[in-house]
Amino acid sequence: MVATRLRRPLGLAALLAVGFAPLAAAAEGTTAERTITVMNTLWGSHAGLRANHAKGVVVEGSFTATPEAAPLSKASVFGGKPVPVTVRFSNATGLPAIADGAKPANPHGMALKFALPDGEFDIVANSLPFFPVATGEEFLALLTANAQTKPDTPKPTPLEQFVAAHPMVPKAGAGVKTPSSLARETYNGIDAFVFVNAEGKRQPFRFRIVPVAGNDHLSAEEAGKQPPNFLMEGLPATLAKGPVAFTIQAQLANPGDQTKDPTQVWPEDRRLVTMGTLTLSKAAADTAAAEKPLLFLPTNLVDGIEVSDDPLIDARTQAYAVSFGKRSQ
Ligand code: HEM
């Protein structure tokens with residue numbers, strides 16, 4: 001996910017430490033390959049780890065659908081029986097040692113994998129209300145402008161020029177704050193998907209994953225004073241005392257609402273349906289071992305849930321696959 005908005009995630013010294021040589025290589029390959037190269041330029045290349053959202057924690061739980069879900073989608077996940085779910089919470093950026101309370105660790109990610117009889121179903125969400133750009137090509141251009149902008153770069157810098165042409169970039173992250181716990185944050189699916197029910201009726205929607213305990217955020221000053229692993233160690237400590245619940249909601253599009261642009265939210269009066277409850281019960285015994293084989297893809301869907309015309313969905317899957325290929329070598 002996007003790790004920076006207007007702000008550079010690293011100072012000049014850190015950028016020089018990771019080097020600019022990969023930017024030349026970023027001129028070659030598919031958009032996804034070039035995106036991973038630029039991410040590695042910004043944050044370094046860390047063997048075995050994700051190019052983005054490198055620092056995370058894996059937990060286990062189960063999802064049970066509400067009766068309101070099945071009429072919207074025939075997907076097996078909404079059948080009403082408890083479904084085992086693996087969840088990985090993460091910090092933004094490809095920096096594996098980033099402090100959990102650091103500003104560029106926002107937006108935090110929440111990736112879910114539901115183990116279903118007919119396949120895997122993933123939701124890959126984060127704490128942004130909407131994405132800063134609408135396509136994979138634009139995201140590559142944003143990351144590249146970021147990497148090309150140094151403190152002494154003449155103004156307007158490449159980043160300033162990009163932002164001037166893409167006004168949603170600074171707005172996307174403007175209200176995002178560090179949560180007091182990974183279990184006190186709302187995570188958004190951002191991209192629109194489409195439910196298909198047993199009668200073949202199609203309903204575009206966006207996922208929203210809401211903590212039952214409510215959102216709770218820290219001021220920038222409070223966040224900066226927290227221990228570096230307070231979120232990643234805090235959730236397992238909370239789970240050792242008892243379960244943590246989220247509701248998984250779907251915001252339903254009205255007829256005519258656009259679905260292809262993830263920079264544009266739908267009005268808040270759109271119907272929100274609680275599709276079910278996710279109950280997290282325990283942390284993985286060893287996150288490093290558990291996260292390695294995990295690959296969350298926004299296109300891992302089961303019958304009854306389909307992609308919309310949003311091009312970012314496929315761009316994400318392509319980039320996640322390149323990152324997975326690299327980290328599995
Ligand atoms: C074109 C846009 C995007 C690109 C290129 C991109 C790229 C990436 C990459 C390369 C990874 C590491 C994947 C891996 O190695 O398994 C990643 C992880 C992640 N991204 Fe994105 N991302 C994009 C948009 C988004 C959006 C819109 C969201 C949220 C709605 C999001 C949420 C996440 C999360 C939660 C993870 C961590 C997954 C995990 O825990 O394994 N990303 N992203």
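The values are calculated or read from the model by the stated rules, or taken from the named source; none is laboratory data. Quantities reported herein were computed from a predicted structural model and do not represent experimental measurements. Every residue, glycine as well, gets a Cβ built from its backbone with ideal geometry; the counts of neighbours run over all protein chains shown.
Things worth noting here:
- Residue match in the range 206-218 (condition: modelled with pLDDT of 95 or more, assigned to a strand (DSSP E or B) and more than 20 Å from the chain's Cα centre (by Cα)): no
- Matching residues in the range 276-329 - criterion: being assigned to a loop (DSSP other than H, G, I, E, B), within 15 Å of the ligand (Cβ to nearest atom) and of a type in the set (Asp, Glu): Asp310
- Restricting attention to the range 135-155, the residues being part of a helix (DSSP H, G or I) and within 9 Å of the ligand (Cβ to nearest atom) number 6.
- Looking only at residues in the range 274-286 that are surrounded by fewer than 18 Cβ atoms within 10 Å (Cβ to Cβ) and not small (Gly, Ala, Ser), the one that is nearest to Ser328 (Cα to Cα) is Asp286.
- Matching residues, the range 97-114, being more than 30 Å from Gly79 (Cα to Cα) and either within 12 Å of the ligand (Cβ to nearest atom) or among the polar types (S, T, N, Q) (or both): Asn106, Pro107
- Filter result for Lys260 (under 20 Å from the mean Cα position of the chain (by Cα), part of a loop (DSSP other than H, G, I, E, B) and basic (Lys, Arg)): yes
- Just one of the listed residues (Ala26, Ala17, Ala32, Ala21) is within 24 Å of the chain's Cα centre (by Cα), more than 30 Å from Pro243 (Cβ to Cβ) and modelled with pLDDT under 95, namely Ala26.
- Ala111 vs. criteria assigned to a strand (DSSP E or B) and small (Gly, Ala, Ser): yes
- Only one entry of Pro158, Pro117, Pro204, Pro132 meets the criterion of being away from the ligand (no atom under 15 Å from the Cβ) and under 25 Å from Arg34 (Cα atoms), and that entry is Pro158.
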